Amino acid sequence: MDLLEYQGKQLFRDHGVPTPAGRPAQTVVEAVEAAEELGYPVVTKAQVLIGGRGKAGGIKVANDRDEARRHAEAILGMDIRGFTVHELYVEKGSRIAEEYYAAILIDRGAKAPMAMLSRMGGMDVEEIAERDPAAIARIHIDPLVGFQDFHGRRLAFEAGIAADVIRPTGALLARLYEAFVAEDAMLVEVNPLLVTEAREVVALDAKVTVDGNALYRHPRTAALRNPGADDEQEQMARERDLTYVKLDGNIGILGNGAGLVMSTLDVVAQAGGRPANFLDAGGGSRAEAIVDAVEVIVSDDRVDAVLFNIFGGITRCDEVANGLVTAFGQIDVTVPFVVRLDGTNDEEGRRVLGEAELPNVQVEKTMLEAAARVVELAGEGGGPSAQGGEPAR
Amino acid sequence: MSILIGSETKLVVCGLTGREGSFHGLSNRRYGTDLVAGVTPGKGGGDVDGVPIFDTVHEAVAETGANTSMVFVPARFAADSILEVADAGVELVVCITEGIPAHDMMRVYTHLRRGRTRLVGPNCPGVLSPGQANVGIIPAHFFSQGGVGLVSRSGTLTYQIGNELAGRGFGNSTIVGIGGDPIVGSSFIDVIALFEDDPDTKLIVMCGEIGGDEEERTADYVAEHVSKPVVAYIAGFTAPPGKTMGHAGAIVSGSSGTAQAKAEALEAQGVRVGRTPSEVAEVAAELSGAAA
């Protein structure tokens, strides 16, 4: 789960990481009030879960009340790469002397936390790495020992930051590590990490990703509701507790198990089709989940045909078939379905589908045949008038 | 022969009294696994279908000589359970539970690497040595004994590929699901090293997916240390960057972790990569001289 900048900064402050003073605002009135309280100059920042806010015009400096109002009016409601701005963060302006980069993340390769520091902040870390890989100091932290003073010193010296801020930077990194562990973060990134003209080190931005699996022990974070991209199907899927990712094609995909669904997308693409989504109905795949999944997929009007790919392990194909029959009874389905059932109780599953005589449902035995068939159907433009009226065998 | 589990396995299940734990634990026993004990704090002295339940893992090990454990407890208690198993001196722990916080797993991983206990999982389907023992939730009826060692990050995809291999007459020495989380106890390299040393494994199939750099590192390892033929499959060629594809670990971040990069790294080191599950079986058949 990704946090908005101001939410991340709240976690930082809770663990003693210095940040400039600021206030979140949801309306123009609130934004102006915040600016007046903080004193000018203030920076008005769009709160969206996507990068490139500055370039999109979502970050502006105001020197008086009028300007603060104009900026709030302009930024609220703005669309930044598919994300509507619903919230602002109004922050006290800082006098910038240097911009560094700092991050702590879980390094999957080393299976340990990794801390990074660079004196080249303000740009993307990948851009820094490309320009000058040596400019990023990286060290691993033993999770059973934690962040020690020497870690901070090593990072600071290896990154070559200004000598007078080595101690405060190390101290900030230690606090950042504390936040990273205490809040179960997968990533805490500060870019830029600012040295002010007064030589104070503060976090000017906060990018925090927390572990969704640990939310049970962070009720306050769990209560934050961050709207993702404004996508109807993704929202529907979230409400139904399904794992759904929108893609840009016209073939709806449903399967059981993340690996198999990914593989299904690939096989459809190889057959010349374009998947409209990733949807994992899960290992158990009870009838109810199937109904929910069908509902989400067919609500997407880009979808011209649907591939339903089930390999029954623990999941029983007859149960999936029954779920599908129930779904067709409850939902008005107008696009052709290709169903592939293999594995545990597959024959029984195919029999259930055959007896139900669902319109527009075709059954295939293998993944490749099913993929070829659904690509063909989607190519025909799909819809109720398509040829796929042959009843299930 | 086989790796990790076999006829010498004596299994203790943490969470045997739960609905899922008892269902799969007893199904493992029906398959022939020597299920010697269950552990549920506060339920010691009872039994599940004749299998004695103990309050602590230490007691279960002392009383039954269990050498392998399956952890089936809810996510928030699972890290503690794995540590208890390790502390009791059990050699192998297979953790099926999904949804364990990553920070918990980092601590568990670091601790276990300093001792003798090997962890498979979490968030994995388990380990199956056909004809000998099953520890986990892999549906055993698809698999028969044979010469292919299969290691995978995913569950259903493993069954799919196992089924394609079976269609070509291949059986398996052992099937290992290493799990789809960012931090898992055993890597592809750990498992492939065991297959390399196992006389009954003639060919190795690895089934990877997007995210991380495990597959890339495995490619280098195979080139340097593995004499047996290795066939790979990678899922997620069509996955867009920045979106988690179901498994917590399956995410392409920045320019790293793409399926393309993984397939190229493997092919550069001479590992054949099947583009579909059925092509994996075709390549395996080709490499083993058409017969298994």
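Computed from the coordinates by the stated procedures, all read-outs in this text should not be read as laboratory data. Just so it is clear, the structure is predicted and the values come from calculations on it, not from any experiment. Quick reminder, even Gly has a Cβ in these numbers, built from the backbone with ideal geometry, and neighbours come from all protein chains shown.
Numerical summary
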{"item": "Global size of the range A:96-222 as Cα Rg and Dmax, reported in angstrom", "result": "14.2, 42"}
{"item": "Rounded, prolate or oblate (a/c below 1.5 giving rounded, otherwise prolate when a/b exceeds b/c) for the range B:98-143 by Cα gyration tensor", "result": "oblate"}
{"item": "Using a Förster distance of 60 Å, the FRET efficiency for A:Ala198-B:Ser256 (Cβ separation, nearest 0.05)", "result": "0.95"}
{"item": "Pairs of Cα atoms farther than 32 Å apart, chain A, %", "result": "49 percent"}
{"item": "Mean projection area, nm², convex hull over Cα of the range A:21-92", "result": "3.9 nm²"}
{"item": "Amide H partners (placed H, <5 Å) of B:Lys202, local residues excluded", "result": "B:Val148, B:Gly149"}
{"item": "Alpha-carbon centroids, the range A:135-196 and the range B:1-41: separation in whole Å", "result": "45 Å"}
{"item": "Cα-centre dipole for the range A:43-140 with unit charges at Cβ (Lys and Arg positive, Asp and Glu negative), debye to 20", "result": "160 debye"}
{"item": "Whole-angstrom gap from the range A:206-278 to the range B:167-197, using each part's C-alpha centre", "result": "27 Å"}
{"item": "Estimated translational D of the range B:141-218 in µm²/s (Stokes, Kirkwood radius over Cα pairs; 4 °C; 1.567 mPa s)", "result": "102 µm²/s"}
{"item": "Cα long-axis angle, helix B:277-287 against chain B (0 to 90 degrees, to the nearest 10)", "result": "70 degrees"}
{"item": "Area projected by the alpha carbon convex hull of the protein assembly as shown, averaged over all directions, nm²", "result": "31.2 nm²"}
{"item": "Debye intensity ratio I(q)/I(0), log10, chain B, q values 0.15, 0.16 Å⁻¹ (C-alpha model)", "result": "-1.10, -1.23"}
{"item": "Scattering profile of the range B:10-120 at q = 0.12, 0.20, 0.22 Å⁻¹ [log10 I(q)/I(0), Debye over alpha-carbon scatterers]", "result": "-0.35, -0.98, -1.18"}
{"item": "Exercise: per-residue mean of other protein chain Cβ atoms within 10 Å, A:273-282", "result": "2"}
{"item": "Potential extension, A:Phe157-A:Thr334 segment - 0.36 nm per residue separation minus Cα distance", "result": "57.3 nm"}
{"item": "Proximal lysines to B:Lys43, defined as alpha-carbon separation beneath 30 angstrom and excluding residues fewer than eight positions away on the same chain", "result": "B:Lys10"}
{"item": "Computed FRET value (nearest 0.05) for B:Glu282 with A:Met114, which takes r as the C-beta separation and R₀ as 56 Å", "result": "0.90"}
{"item": "Signed unit charges on C-beta, dipole axis of chain A, positive-most listed residue A:Ala134, A:Gly255, A:Ile50", "result": "A:Ala134"}
{"item": "Phi to ³J(HN,Hα) by Karplus 6.51 cos²θ - 1.76 cosθ + 1.60 over the range A:6-15, Hz, x for Gly, Pro", "result": "5, 6, x, 5, 4, 4, 4, 4, 4, 10"}
{"item": "Inter-label distance, nm, simple model (7 Å from Cα along the C-beta direction), A:Gln148/A:Arg131", "result": "3.4 nm"}
{"item": "Beta bridge orientation in the range B:10-120: antiparallel %, DSSP, nearest 5", "result": "10 percent"}
{"item": "Within 10 Å of each Cβ in B:268-281, the average number of Cβ atoms from other chains", "result": "2"}
{"item": "Helix B:75-87 vs. chain B, principal-axis angle (Cα, 0 to 90°, nearest 10)", "result": "80 degrees"}
